[in-house]
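Okay, so here's the structure we're looking at.
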Amino acid sequence: MSDHASKRYKRVVVKLSGEALQGSQPYGLDATTLERIAKDLATASENGHEVAVVVGGGNFFRGIKGADTGIERARADSIGMLATVMNGLALEQAIEMQGRPARCLSAVPMPSLCESFSRRAALHHLAKGRVMIAAGGTGNPFFTTDTGAVLRAAELSADAVLKATQVDGVYTADPKRDPAAKRYERLTHDEAIAQNLAVMDTAAFALARENRIPIIVFSIGEPGAIASVLAGGGRSTLVAP
């Protein structure tokens, strides 16, 4: 059991990568994976947690990779923001199909598709028991959705950021490439920054440190992973002051 098991995280921001939604597909959305993650988010909400989600767009387009192909970085990041809205809308429907209300809010205004993000609107939806999906990143280029997740957590006074990955915590190296990599049970924000651990970017860790927001890193690969982490179970790494 994780060392944060005794804590009660009432309001959380779950950070999902776009790649988490593609399952075994080379790109796009995998219906079975989308349904599983939506069910997990719905269960967490049903258990009394206020759940916000920040989703990436890498299953469709990654801004930094687009820049590598010759697209201007600011423009490439704008395309990436649109990809996150596509994922947000898909998650919204998938969660509602689990019988739980959800609302997708976009930092990039597109009122014909979804509500624009505002702190007041987000808090209203959370108070109503809806899963709130914050798409569009921060609405600005040059910022990752990891930084966007911590920003939303700070704005919403969330108790923690749940960083969903493909591995069960933070390691000294990529455990898929280095069998000798060791997993951390707990780290401080300063340690994560000093060791340049790639699980989140430095700006995200720095913003979390400034606002004293815990980050729980866990694997999204198993059904019920989010609810398990919120109950204090499963394997994860806690990054906290």
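Using a 1.4 Å probe and counting only protein heavy atoms, arrange Val55, Val108 so the residue with the most accessible area comes first. Walk me through the numbers before you get to the answer.
Numbers: Val55 0, Val108 40 Å².
Largest accessible area first, the list is Val108, Val55.
A dipole drawn for the stretch 1-144 from +1 and -1 charges on Cβ atoms has a positive end, and of Ala121, Gly23, Ile64 the residue lying farthest that way is Ala121.
At 0.36 nm per residue, minus the direct Cα-Cα distance, what do Tyr27 and Leu89 gain on full extension? Give it in nm, one decimal, please.
On the way: separation 62, 0.36 × 62 = 22.32 nm, distance 1.67 nm.
Taking Tyr27 through Leu89 to full extension adds about 20.6 nm, to one decimal.
When DSSP beta bridges are restricted to pairs lying wholly in the chain, around 20% turn out antiparallel.
Rolling a 1.4 Å probe across the protein heavy atoms gives the chain an accessible surface of 46 Å² per residue.
Choose one answer from Gly99, Gly137, Gly18: the residue with the largest mean-square fluctuation in a GNM of the chain with alpha-carbon springs under 10 Å. For the chain, modelled as a Gaussian network with Cα springs under 10 Å, the answer is Gly99. Computed from the C-beta positions of Ala206 and Ala180 and an R0 of 51 Å, the FRET efficiency is 0.95 to the nearest 0.05. With a 1.4 Å probe and every protein chain kept in, tell me what percent of the accessible surface of the chain is carbon plus sulfur. The nonpolar share, carbon plus sulfur, comes to 50 percent.
Longer than 23 Å from Cα to Cα, which of Lys39/Lys176; Lys65/Lys182; Lys15/Lys176 are they? Say none if no pair is.
Values: Lys39/Lys176 27 Å; Lys65/Lys182 29 Å; Lys15/Lys176 21 Å.
Lys39/Lys176; Lys65/Lys182, as the Cα separations exceed 23 Å there.
Here the chain is treated as an ellipsoid with the same Cα gyration tensor; its semi-axes, largest first and in whole Å, are 24, 22, 18.
At the listed q of 0.20, 0.22, 0.23 Å⁻¹, the Debye profile of the stretch 75-200, built from one uniform point per Cα, gives log10 I(q)/I(0) equal to -1.16, -1.26, -1.31. Database remark: amide H of Leu187 closer than 5 angstrom to the amide H of Leu238, Val239, Ala240 (H placed geometrically; neighbours at sequence offset of 5 or more, or on other chains; Pro and chain starts carry no H). Decide, for the stretch 1-132, between rounded, prolate and oblate: order the square roots of the alpha carbon gyration tensor eigenvalues as a ≥ b ≥ c, take rounded if a/c falls under 1.5, and otherwise choose prolate if a/b is larger than b/c, else oblate. Prolate is the answer for the stretch 1-132, as a/c is 1.5 or above and a/b outweighs b/c. Solvent exposure of Ser112, expressed as accessible area, is near 110 Å², computed with a probe of 1.4 Å over the protein chains only. Considering only Arg130, Arg36, Arg75, the mean-square fluctuation computed in a Gaussian network model of the chain, springs between alpha carbons under 10 angstrom, is largest for Arg75.
Extending 7 Å from the Cα toward the beta-carbon at both Glu72 and Ala173 defines two label points whose distance is 4.1 nm. Under the convention that each Lys and Arg Cβ holds +1 and each Asp and Glu Cβ holds -1, the size of the dipole of the chain around its Cα centre is about 420 debye.
A crude spin-label estimate for the pair Glu35 and Glu19, with each label 7 Å from Cα along the Cβ direction, gives 2.5 nm.
Is the shape of the stretch 91-138 rounded, prolate or oblate, going by the alpha carbon gyration tensor and its root eigenvalues a ≥ b ≥ c, with a/c under 1.5 for rounded and a/b larger than b/c for prolate?
Working: a/c = 2.21, a/b = 1.34, b/c = 1.65.
Oblate, since a/c reaches 1.5 and b/c is not below a/b.
With the simple model of a label 7 Å out from the Cα in the direction of the Cβ, Leu113 to Lys128 spans 2.1 nm.
The H on the amide N of Ser219, modeled in the peptide plane, is under 5 Å from the matching H of Thr165, Gly169, each at least 5 residues off or on a different chain.
Relative contact order for the stretch 25-96: 37 percent, from Cα pairs under 8 Å spaced at least 6 residues apart, divided by residue count.
The values are calculated or read from the model by the stated rules, or taken from the named source; none is laboratory data. Everything quoted here is computed from the prediction, not taken from an experiment. When we count neighbours, we look across all protein chains shown, and the Cβ atoms used for this are built from the backbone with ideal geometry, even at glycine. For the accessible areas, the whole protein counts, side chains as well, though only heavy atoms, and no ligand, DNA or RNA atoms are used. Shrake-Rupley method; radii C 1.70, N 1.55, O 1.52, S 1.80 Å.
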